[in-house]
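A quick write-up on the structure given underneath.
The values are calculated or read from the model by the stated rules, or taken from the named source; none is laboratory data. Remember, predicted model here, so these are calculated numbers, not experimental data. Here the Cβ is made from the backbone with ideal geometry for all residues, glycine too, and neighbour counts use every protein chain on show.
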Amino acid sequence: MKIGVIGCGAYSLAISLMLNKNNSDITIWSESEEKIRIINKKGQIDSILPYIKIPQNLKFTTDLETCVKDKEIIFIMVAAQFVSSTII
């Protein structure tokens, strides 16, 4: 199943890790290139989920269209105050 996850905080990463157990094709969007760089380099992000390894098959992007294009399910997991500015 192709899944897009909009948001890259602790909750969205935790849900993505659970979804990944079902061999889903998951793309996660973050507004922060730095956060994605850290995840790709270290395989984890200590400031959000310390000691949790992030599987290499999870894909990360700062391009919202890439995150949602051709996905069967899209999860919007940004803080409530940022939903409209993120998806509009």
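For the stretch 59-85, the tally of residues that are more than 25 Å from K41 (Cβ to Cβ) and hydroxyl-bearing (S, T, Y) stands at 2.
So that you can scan it fast, the table gives a plain yes or no per residue for (1) modelled with pLDDT of 90 or more; (2) surrounded by fewer than 15 Cβ atoms within 10 Å (Cβ to Cβ); (3) of a type in the set (F, W, Y):
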residue	(1), (2), (3)
M18	yes, yes, no
I26	yes, no, no
E33	yes, yes, no
R37	yes, yes, no
M77	yes, no, no
I88	no, yes, no
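For the condition charged (D, E, K, R) and loosely packed, with under 11 Cβ neighbours inside 10 Å, what is the one hit in K41, K69? From the options K41, K69, the qualifying one is K41.
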